[in-house]
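As structure tokens, the structure follows; a few thoughts come after it.
The values are calculated or read from the model by the stated rules, or taken from the named source; none is laboratory data. Worth saying up front: this structure is predicted, and the values here are computed from it rather than measured. Backbone-built Cβ (ideal geometry, glycine too); neighbour counts: all protein chains shown. Accessible surface is based on the protein model in full, side chains and every heavy atom, while ligands, DNA and RNA are left aside. Shrake-Rupley method; radii C 1.70, N 1.55, O 1.52, S 1.80 Å.
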Amino acid sequence: MPVKSLSDSNPASKDPRTPQEKRAHRLAQTHTQVNDKKGRKRPCLLKHLPGMERTLREGYHYFKTVRVKDVTHARASEWMLDNFYIIEQTLHQIEEDLPKEFLNQLPKLAKTRLAGYPRVYALAIELVEPGHGAIDLDQVVTYVNDYQKTVPLMIGELWALPIMLRIGILYQLTKAVALITAATLPDGLPTVSIQPASPVRSGNETIVANCFSSLRMLSATDWNKFFEQVSRIDQILRHDPAGIYPDMEFETRNSYRNVIEELARHSKHSEESIAWAAVGFARKAQNGASAPLPGRERTTHIGYYLVDDGLKQLETKTGYKPGLKTRRRRAILAHPTLIYLGSIAVISLMITLGLLSYTYRIGGSTAQMIVAGLLGLGLAMEAAINLVNWYITNRVPPRTLPRMDFSEGIPTGNRTMIVIPTLLASAVELESLLQDLELHFLRNPDPQLTFALLTDFADAPAQF
């Protein structure tokens, strides 16, 4: 019978996690059940904002009109009077970045005191409350990553986290100001933390200072960088067999993740499983199992299955069925020339026929109808072109090609030459072009970037 050591009998020795990891794990365990029932009335975060704004404005006017002699309260007064504009900016940003449609898509909690509220809001207040409004971004990154070891967060939740942090900080600030100024505290948000907050040593004025400092920090944070530090989907896509995804610019990477988010929203698969499916297709192509040799290089990149022809394979695997709006947009993009010219022709014909019908009803002769048709056709085509162009501009979103991120320099394998086409009319013009070329070279000292002129004489007998 093996001898059990003392360390084996000690539960603490078996758990190498830090206290923060354990706290994040305990919080995640309470969030494993999410209320996804449609049509059920849920509490809305947005309804609390007017009350908080009203209390904060009352506090601002109190500090502005009442002379506060107490040193402690004078400190809070200074913070409020000097930084109230930050509150206004924050409220405006919350309203702008948290539309009701987006808020309704966020997973909601069930079977907790925060039932019906977004899961990511509960995570945010757990980050705000223990520090009395003071937050550290590095600790936020670590805590969110620890939380996701138990319960992964959706892409939308990660983007909503900065707004939820702002709401949590504003509520902490509202409570502190109300206690200092005896203002009316609005019906507040439920703020339930699994870790009791430690006593505030310096009072509510410290909370006021903490909250303003945190709001400033949030405004100065690069949330794109933060997102990719905590996004499990981004970490999965970085397994791209072609090795291209990590070197792409942020907007391109984000467009890839948006596709995954869309597929998950309209299928029974999670975002992580869809991301791994895209990586799996690319790996099979790399091994030569799913693509012929000529097309293998493209199909080894995950982008082929997210924004290119391979998307159909991913949609089939996930059971995704595009809606009417998506099918219509895809039909337009699949036959752009036919749709564009056909729409102009149909609209022009309808306008011309309407004009001819009107001419006929008012007793116009055959000659008059011919003249009306010929003159009206030109006007009808012009109106149709303007109408179709307006519709396309406003209804069909632009598509950008996937781009690499060369902001830190062009890699060795992507040596580039910029060619400037021009015609040579005189020796003076040639000298000017050479000077411009030299300036371009001096302004772009990257060793992988070169410049050249593609020239011809203005009186050349034929094109080369």
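Residues are listed down the side, and each one gets a yes or a no for (1) touching a residue at least 24 places away in the same chain (Cβ under 8 Å); (2) over 30 Å from ARG330 (Cβ atoms); (3) more than 43 Å from the chain's Cα centre (by Cα):
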| site | (1), (2), (3) |
| --- | --- |
| GLY376 | yes, yes, yes |
| ASN389 | no, no, no |
| LEU401 | no, no, no |
| PHE406 | no, yes, no |
| ASP436 | no, yes, no |
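Just one of the numbered conditions (1) in contact with a Leu (Cβ under 7 Å, 6 or more places away or on another chain); (2) under 18 Å from ASP405 (Cα atoms); (3) free of Cβ contacts under 8 Å to residues at least 60 places away in the same chain is not true of VAL259: (2). Within region 115-153, being among the polar types (S, T, N, Q) and open to solvent by 20 Å² or more (accessible area, probe 1.4 Å) holds for GLN139, THR142, ASN145, THR150. Whether any residue in region 243-251 is hydrophobic (A, V, I, L, M, F, W, C) and open to solvent by 30 Å² or more (accessible area, probe 1.4 Å) is what I want to check. There is at least one residue in region 243-251 that is hydrophobic (A, V, I, L, M, F, W, C) and open to solvent by 30 Å² or more (accessible area, probe 1.4 Å).
So that you can scan it fast, the table gives a plain yes or no per residue for (1) buried (at least 17 other Cβ atoms within 10 Å of the Cβ); (2) outside any helix (DSSP H, G or I); (3) of a type outside the set (A, V, I, L, M, F, W, C); (4) modelled with pLDDT under 80:
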residue: LEU27; (1), (2), (3), (4): yes, no, no, no
residue: LYS38; (1), (2), (3), (4): no, yes, yes, yes
residue: PRO43; (1), (2), (3), (4): no, yes, yes, yes
residue: LEU49; (1), (2), (3), (4): yes, no, no, no
residue: HIS61; (1), (2), (3), (4): no, no, yes, no
residue: VAL68; (1), (2), (3), (4): no, yes, no, yes
residue: GLU78; (1), (2), (3), (4): no, no, yes, no
residue: ASP82; (1), (2), (3), (4): no, no, yes, no
residue: ILE87; (1), (2), (3), (4): yes, no, no, no
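Here ALA452 qualifies as out of contact with any Lys or Arg (no Cβ under 8 Å at 6 or more places or on another chain), of a type in the set (Gly, Ala, Ser), surrounded by 10 or more Cβ atoms within 10 Å (Cβ to Cβ) and in a strand (DSSP E or B). A search for C-beta distances below 8 Å between a residue of region 266-293 that is farther than 22 Å from SER231 by Cβ and any residue that is modelled with pLDDT of 90 or more and open to solvent by 90 Å² or more (accessible area, probe 1.4 Å), counting only pairs 6+ apart in sequence or on different chains, returns SER290/LYS284.
Among the conditions (1) in a helix (DSSP H, G or I); (2) touching a residue at least 24 places away in the same chain (Cβ under 8 Å), LEU442 misses just one, which is (2).
For LEU263, the requirement of being closer than 27 Å to LEU153 by Cβ, of a type in the set (A, V, I, L, M, F, W, C) and part of a helix (DSSP H, G or I) is met.
Among the residues of region 318-333, the one identified as open to solvent by 100 Å² or more (accessible area, probe 1.4 Å) and not in a helix (DSSP H, G or I) is LYS321. Do we have GLY288 as assigned to a helix (DSSP H, G or I), of a type in the set (Gly, Ala, Ser) and loosely packed, with under 13 Cβ neighbours inside 10 Å here? No. Filtering region 410-431 to residues that are surrounded by 11 or more Cβ atoms within 10 Å (Cβ to Cβ) and not aliphatic (A, V, I, L, M) leaves PRO411, ASN414, ARG415, THR416, THR422, GLU429.
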